[in-house]
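What follows is a short report on a single structure.
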Amino acid sequence: SEELSLKITNFYSQKILSFPNIEKINLIGFHGQTIYHNPLEKTSIQLGNAQLLSNILKKPVISDFRSNDLIHGGQGAPLAPIYHKYIIKELKTSFPTCFLNIGGISNLTYMDEKKLIAFDTGPGNCLINDLMKVFFNKDFDRNGDVAFSGKINTKILNELNTDNFFKLTYPKSLDRQYFAHYIKRLIQCQNAKNLITTISEFTALTISNSLKLLPNYPKNIIVSGGGAKNNYIIKRLKKHTKCKIEILNSANFDPDFVEAQLIGFLSVRSIRDLPNTFPSTTGVSKPISGGQLYCPIKNH
């Protein structure tokens with residue numbers, strides 16, 4: 001894993017060094033690549049060497065955003081709610097509102113006049129992407145086209161929906177590998193297109209079911225992440241929910257860069273010692289800041 005960590009660090013440093021106006025950047029937020037996340041073990045492992053990145057770039061780097069939360073009884077995830085809150089306020093969306101990020105895992109941030117609540121709802125694109133790779137040698141289902149071409153297998157869907165994760169109340173978080181054992185079995189027993197359709201429906205259904213856990217049913221859902229481009233998931237979400245669903249599309253917030261903006265946002269809050277996670281978002285014992293500062297070491 002050290003070798004992989006080095007490759008990831010070098011990849012990031014090359015990308016950052018190619019930025020125009022690199023001299024104007026005075027702080028870098030570096031999340032690294034998560035390979036394992038288990039809040040019960042108080043463990044979240046990210047590949048990437050922040051000290052090395054700082055040395056190469058000759059700039060301060062903030063990294064390790066999850067450890068402090070885990071140490072203080074939190075799940076270490078999701079990290080995005082405080083930034084989602086900022087976006088919701090900037091967009092002046094009426095309450096109660098949800099910000100939904102459909103990445104590998106789907107995570108939801110709920111906000112009304114008083115409360116900020118967040119949790120992982122279940123899979124986002126991770127299962128779809130894994131199956132697309134196996135069956136079609138593609139990284140993802142572009143626009144949800146394959147999902148539109150198949151049929152939903154209700155037997156598989158019902159079985160997936162009985163997983164204990166969906167019975168848990170928030171705060172709760174998921175590792176990308178959590179559902180991997182299902183995939184291994186599903187690959188052996190199903191028509192490829194129908195499987196993609198069923199798993200895409202599973203993503204939409206687990207998101208809509210999770211709304212029932214909230215104190216109030218949301219009026220609006222703002223969607224970002226790769227899954228926002230999957231027209232099948234969005235269509236099914238509209239069918240299963242009673243909310244106004246809109247894809248994040250604003251001059252200030254590009255849906256493709258929300259995660260990157262989030263890490264920048266958390267980095268500045270970290271430097272200012274402002275809280276990044278909260279009892280209602282990760283289950284941490286008190287609002288707490290996170291992130292470790294690494295400064296360049298000379299002669300390295």
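Side notes on the structure shown:
- Applying the criterion of at least 2 residues that are surrounded by fewer than 17 Cβ atoms within 10 Å (Cβ to Cβ) and of a type outside the set (V, I, T) to the strands (runs of 3 or more DSSP E) found wholly in segment 24-105 leaves 33-38.
- Selection over segment 237-257 of residues that are over 20 Å from the mean Cα position of the chain (by Cα) and closer than 25 Å to T198 by Cα gives a count of 7.
- Scanning segment 1-11 for residues that are open to solvent by 50 Å² or more (accessible area, probe 1.4 Å) and either small (G, A, S) or over 27 Å from Y178 (Cα atoms) (or both) turns up S1, N10, F11.
- Contacts under 6 angstrom Cβ, first residue in segment 215-234 being closer than 21 Å to S280 by Cα, partner aromatic (F, W, Y), 6 or more apart: I222/F99
Yes/no per residue for (1) farther than 24 Å from G290 by Cβ; (2) touching a strand residue (DSSP E or B) at 6+ places or on another chain (Cβ under 8 Å):
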position: L214; (1), (2): yes, yes
position: G226; (1), (2): yes, yes
position: K238; (1), (2): yes, yes
position: L266; (1), (2): no, yes
position: S270; (1), (2): no, yes
position: D273; (1), (2): no, no
position: F278; (1), (2): no, yes
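- Selection from segment 244-276 of residues that are assigned to a loop (DSSP other than H, G, I, E, B), out of contact with any Gly (no Cβ under 9 Å at 6 or more places or on another chain), of a type outside the set (A, V, I, L, M) and at pLDDT below 95: N249, S250, N252, F253, D254, F257
- Of all residues making up segment 144-167, the number that are loosely packed, with under 13 Cβ neighbours inside 10 Å and under 22 Å from the mean Cα position of the chain (by Cα): 2
- Residue within segment 190-201 that is in a helix (DSSP H, G or I), small (G, A, S) and without any contact (Cβ under 8 Å) to a residue 60 or more places away in the chain present: no
- T281 being touching a residue at least 12 places away in the same chain (Cβ under 8 Å), under 23 Å from P81 (Cβ atoms) and in contact with a helix residue (DSSP H, G or I) (Cβ under 6 Å, 6 or more places away or on another chain): yes
- Any hit, segment 56-67, residues being within 30 Å of P96 (Cβ to Cβ), in contact with a strand residue (DSSP E or B) (Cβ under 6 Å, 6 or more places away or on another chain) and touching a residue at least 60 places away in the same chain (Cβ under 8 Å): yes
- N125 falls short of the stated requirement of being at pLDDT 95 or above and on the phi > 0 side of the Ramachandran plot.
- Flag set for D175, criterion: open to solvent by less than 70 Å² (accessible area, probe 1.4 Å) and more than 27 Å from A251 (Cα to Cα).
- Extreme residue, nearest to S208 (Cα to Cα), among residues of segment 248-273 that are open to solvent by 70 Å² or more (accessible area, probe 1.4 Å) and of a type in the set (A, V, I, L, M): A251
- Of all the residues in segment 18-55, those that are among the acidic types (D, E) and either farther than 26 Å from K298 by Cβ or touching a residue at least 12 places away in the same chain (Cβ under 8 Å) (or both) number 1.
The values are calculated or read from the model by the stated rules, or taken from the named source; none is laboratory data. Source: prediction; values computed, not measured. Glycine gets a Cβ as well: all are built from the backbone with ideal geometry, and neighbour counts include every protein chain shown. SASA here: full protein model, heavy atoms, side chains in, ligands and nucleic acids out. Shrake-Rupley method; radii C 1.70, N 1.55, O 1.52, S 1.80 Å.
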